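> Take a look at this one; I'll ask things after.
The values are calculated or read from the model by the stated rules, or taken from the named source; none is laboratory data. Everything quoted here is computed from the prediction, not taken from an experiment. Here the Cβ positions follow ideal geometry from the backbone for every residue, glycine too, while neighbour counts run over all protein chains shown. Accessible surface is based on the protein model in full, side chains and every heavy atom, while ligands, DNA and RNA are left aside. Shrake-Rupley method; radii C 1.70, N 1.55, O 1.52, S 1.80 Å.
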Amino acid sequence: MAATGSYIGFVDSDDYLSVDYYEELVNVIVHGDVDIATCGYYFDNSGKITIAKNKEKVPTEPMKTTSFFAYMYERDTYKGVGSYLWTRLIKRELIKKSDGTLETFFKKEYGGIDDIVFVAEVSLKSNNIQYIDKPLYYYFQREGSIVHDDYMQLN
């Protein structure tokens, strides 16, 4: 991993970000004294934009990781939070040690859920996580794609 900055974020190749995505998440980390900042997101279904809505309010102050897990993994209630890698900005030291070796990495044996496992492992190493109740990420889904069809079957 060639990341050299203070924070690491992930963006899927077909997704896109609001212009203030990184600014907002960096501000949360710096001013909230948190290790991970996360935000809401939009679905972009071939140009039709809808917000991923939470059914209940999610606290927007820094939270201990163990408390935040309830929001990450209650997907039916907190659809806008989720355990997605792409809505998070993470302090680099949770992923990469000061000597440059990886602290946390993706594991092939988890197949298609390796990103969810990665988020859980990184989160467990963090002290605090903070959620911004504002969609800043655009999750693009093409009609007829395998991921889109599988996702729609789950909902």
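> Going by the conditions given, is Asp99 at pLDDT below 80 and either open to solvent by 40 Å² or more (accessible area, probe 1.4 Å) or under 21 Å from Val34 (Cα atoms) (or both)?
The answer is yes for Asp99.
> Go through the range 67-95 and give me each residue that's charged (D, E, K, R), touching a residue at least 60 places away in the same chain (Cβ under 8 Å) and not in a strand (DSSP E or B).
Residue satisfying the conditions is Arg92 alone.
> Could you check the range 114-129 and list, in sequence order, the residues that are open to solvent by 50 Å² or more (accessible area, probe 1.4 Å) and aliphatic (A, V, I, L, M)?
Correct list: Ile116, Leu124.
> Taking the range 75-91 as the region of interest, how many residues are farther than 15 Å from Ser126 by Cα and of a type in the set (Gly, Ala, Ser)?
So the count comes out to 2.
> Another question, then. Keeping to the range 5-49, report how many residues are part of a loop (DSSP other than H, G, I, E, B) and either touching a Pro at 6+ places or on another chain (Cβ under 9 Å) or touching a residue at least 40 places away in the same chain (Cβ under 8 Å) (or both). Talk me through it step by step, then tell me what you get.
Of the residues in the range 5-49, the ones part of a loop (DSSP other than H, G, I, E, B) are 5-6, 10-15, 18-20, 33-35, 46-47.
Now narrow it down to the ones that are either touching a Pro at 6+ places or on another chain (Cβ under 9 Å) or touching a residue at least 40 places away in the same chain (Cβ under 8 Å) (or both): 5-6, 10-12, 14-15, 18, 20, 33-35, 46.
Number satisfying all stated conditions: 13.
For (1) out of contact with any strand residue (DSSP E or B) (no Cβ under 6 Å at 6 or more places or on another chain); (2) open to solvent by 50 Å² or more (accessible area, probe 1.4 Å); (3) among the hydroxyl-bearing types (Ser, Thr, Tyr), each residue gets a yes or a no:
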residue	(1), (2), (3)
Ser6	yes, yes, yes
Ile29	no, no, no
Asp33	yes, yes, no
Gly40	no, no, no
Lys53	yes, yes, no
Pro62	no, yes, no
Ser67	yes, yes, yes
Met72	yes, no, no
Arg92	no, yes, no
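> Does Tyr42 satisfy the condition of being under 15 Å from Gln130 (Cα atoms) and aromatic (Phe, Trp, Tyr)? Reasoning before the result, please.
Details: under 15 Å from Gln130 (Cα atoms): no; aromatic (Phe, Trp, Tyr): yes.
Judged against the criteria, Tyr42 is not a match.
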